[in-house]
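A short worksheet on the structure shown next.
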Amino acid sequence: HNLAWLLPHVEQFTGNQMGAIGAVGGGVRSEGWCQILANVLGRPIQRAADPQLAVARGAALLAAHHGGLLDRSDLEGAGTTDRAFEPDPTLANFYIERQAVFEAAFEALAPIHHALRAIESPQADAVTG
């Protein structure tokens, strides 16, 4: 739900509405998690092939590009997906209602978060040096 909350802000900042969203990392090895993401975001999720290695592969390709070993055209299509997860339209209202509750809970808890941040930590000097 936090991703769903941020998505319109990202789209406004970039000036682009996102269609399908790429997913990487070990967590997206779970098909259930990918389906939940698609349902909550209301967008297709395209899971990277070998998602737990995708970030490392991307960093290596970027380093090769900046090192002059690859041209930008070599990077086109370098990321492959193994499956797309479509949002289930029958669950749209279910997640829209829960999104509203999620955002209301965040707002309701904001004073507690502010109060916790205001309490000086005995470890503050150790952390900040």
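How long is the gain from ASP50 to ARG72 if the chain were fully straight, where each residue apart is worth 0.36 nm and the alpha carbon distance is subtracted? Numbers along the way, then the final one.
On the way: separation 22, 0.36 × 22 = 7.92 nm, distance 2.24 nm.
Residue separation times 0.36 nm, minus the Cα-Cα distance, leaves 5.7 nm.
Quick one: what Rg and Dmax do you get for the chain from the alpha carbons, in Å?
19.6, 53
Quantify, in whole percent, the carbon and sulfur part of the accessible surface of the chain (1.4 Å probe; protein heavy atoms only). Don't jump to the answer; show the numbers that get you there.
On the way: 5510 of 9220 Å².
C and S fraction of accessible area: 60 percent.
List the residues, sorted by chain then number, that are 5 or more residues from ALA49 or on another chain and whose placed amide H is less than 5 Å from its amide H.
It is THR80, THR81, ASP82, by chain and number.
When the chain is fully extended, how far beyond the present Cα-Cα distance does ALA60 get from GLN17, taking 0.36 nm per residue of separation? Could you put the intermediate results ahead of the total?
Values: separation 43, 0.36 × 43 = 15.48 nm, distance 2.82 nm.
Between ALA60 and GLN17, full extension yields an extra 12.7 nm.
Karplus couplings for the stretch 15-29 from phi (6.51 cos²θ - 1.76 cosθ + 1.60, θ = phi - 60°), rounded to Hz, Gly and Pro as x?
Each residue's phi maps through the Karplus curve to give x, 10, 8, 7, x, 5, 10, x, 10, 10, x, x, x, 7, 5 Hz.
Under a 1.4 Å probe, what is the accessible area of the chain per residue, stated in Å²? Mind showing how you got there, number by number?
Working: 9220 Å² over 129 residues.
Heavy-atom SASA per residue in the chain reads 71 Å².
Starting from the 7 Å offset along Cα-to-Cβ, what nm value, one decimal, do you get for the label separation of GLU107 and GLN35?
Reported label-point gap for GLU107 and GLN35 is 3.3 nm.
The values are calculated or read from the model by the stated rules, or taken from the named source; none is laboratory data. A quick note: this is a predicted structure, and the numbers were derived from the prediction, not measured. All Cβ positions, glycine included, derive from the backbone under ideal geometry; neighbour counts span all protein chains shown. These accessible areas exclude ligands, DNA and RNA; they are computed on the full protein's heavy atoms, side chains included. Shrake-Rupley method; radii C 1.70, N 1.55, O 1.52, S 1.80 Å.
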